């Protein structure tokens, strides 16, 4: 185990690789360790796919490391992994390449005391978060008694765990002293009901976000603890951005989102929850995001299977100039093409990923909303620039899994010359909001910003609304 503040001179002179540089320990100690080394060859990281450089070193995937590390026979790998799984992964990489490995990270203090020894119950195990993280948390806990679910279902288990009804839980939970409930609720009704049941049963309840962080799982694409640490590293910048927000709800939303990131308590998100029906824009009169004009040139970046295109058609009453939708997943793209009919002219679907350059991107194709760029992706997809695909643009929606800032860079001409309104997702990585705003500041001035949290229970659906005019109305050229 290395002293976190001291790198021996003999080690400092050797070629070095930083393993897991964006783990919790990597974010804390990585810049200091990298600065003390004379030749950092690369930072090896499979989780963060939208950065080309980490701690001043080129980012390599584990595949890159296995292929190229043999060129550095005297190299040393500095491992920042905190979890047993992460350390085992680093051990396997270094064993396969014959690279010496030294560990920087000290074991992390547990967020939940005695979690692995306590009887565990999963509530709302089939919510979006439950389906995503429930199986992994159950494997980590090792003593999961039951998954509590009252929905009509013939199955006797969920995620391989015995299924109990709420009534069975109330009747039997006393047989398991010191039990702990993990709450995967994803709407206020579920959250309130689970909280009430646990209070009546006298059982401690924790929100799934805290368990996800404890188990070293990803918030979205980076570990929840690293997400928190990356927020802390630029907290002053986040707080300064509050002065640029247009309305009080945006400021409250920013503070609430930051508090959730730092505490893992989703009640802060619930307090700032903006209706999902108004995400990006809405057909309703009481909209708090964007109203549509009758001359919109709309671009949907990350169109999936077309739900936002359909929503745009509804909200615009089919009064628009053009729609262009980008979707790199070929399974989703096939369904996207079927969204329109002869009654929806001037629609174009493009099977490419949006970025700041023309190139090829490794991509994990799933046919779901979880498709994303990955160094170990199953397919290769072409990337393109919006400047090279569009002539007109009045409204841009971006939900492209952390590539939003790069897409804006690739739309420099359009943004500068046509000043479109933009609804941009800023939650995939902890610093997305700051990176997106920094890119916009390079391109235009005089824009107005609002922030809305359209998910009430998790990191998802934090959206930045940027407009050349105040408020929700379209600019004159789109009306």
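Bear in mind these aren't lab numbers, they're just calculated from the coordinates by the rules spelled out. Model, not experiment: these values are computed from the prediction. Note that we place each Cβ from the backbone using ideal geometry, even for glycine, and neighbour counts take in every protein chain shown.
The slack in the chain from residue 102 to residue 442, taken as 0.36 nm per residue of separation less the alpha-carbon distance, amounts to 118.3 nm.
If the segment from residue 378 to residue 285 were pulled out straight at 0.36 nm per residue, it would be longer than the present Cα-Cα gap by 29.1 nm.
When you restrict to C-alpha pairs under 8 Å that are six or more residues apart and normalise by the size of the chain, the relative contact order lands at 12 percent. Note on residue 154 and residue 67: their simple-model spin labels are 4.9 nm apart, each label 7 Å out from Cα toward Cβ. Counting only DSSP beta bridges whose two residues both lie in segment 233-478, roughly 45 percent are antiparallel. Highest mean first, the peptides 54-65, 231-242 sorted by other C-beta atoms within 10 Å per residue fall in the order 54-65, 231-242.
Note on segment 120-214: the alpha carbon radius of gyration divided by the globular reference 2.2 N^0.38 Å gives 0.96. Distance between the modelled labels on residue 249 and residue 358, one decimal in nanometres: 4.3 nm (7 Å Cα→Cβ projection). Treating r as the C-beta distance of residue 321 and residue 234 and R0 as 41 Å, the FRET efficiency rounds to 0.60. What is the log10 of I(q)/I(0) for segment 9-103, computed with the Debye formula using one identical point scatterer on each Cα and no solvent, at q = 0.23, 0.24 Å⁻¹? The computed values of log10 I(q)/I(0) come out as -1.24, -1.36. Direction-averaged projected area, Cα convex hull, segment 233-478: 12.6 nm², rounded to one decimal. Distance between the 7 Å Cα→Cβ label points at residue 92 and residue 413: 4.6 nm. Most tightly packed first, judged by the mean number of other beta-carbon atoms within 10 Å of their residues, the peptides 258-265, 472-479, 390-397 read 390-397, 258-265, 472-479. Rounded to the nearest 500, the helix-only mean residue ellipticity at 222 nm of the chain stands at -9500 deg cm²/dmol, with each DSSP H run of n ≥ 4 adding -39,500 (n - 2.57). Global dimensions of the chain from alpha-carbon coordinates: Rg and Dmax equal 23.8, 71 Å. Please report the antiparallel percentage of the DSSP beta bridges confined to the chain, to the nearest 5. Close to 30 percent.
Were the residues from residue 114 through residue 53 laid out at 0.36 nm apart, the gain over their Cα-Cα distance would be 18.2 nm.
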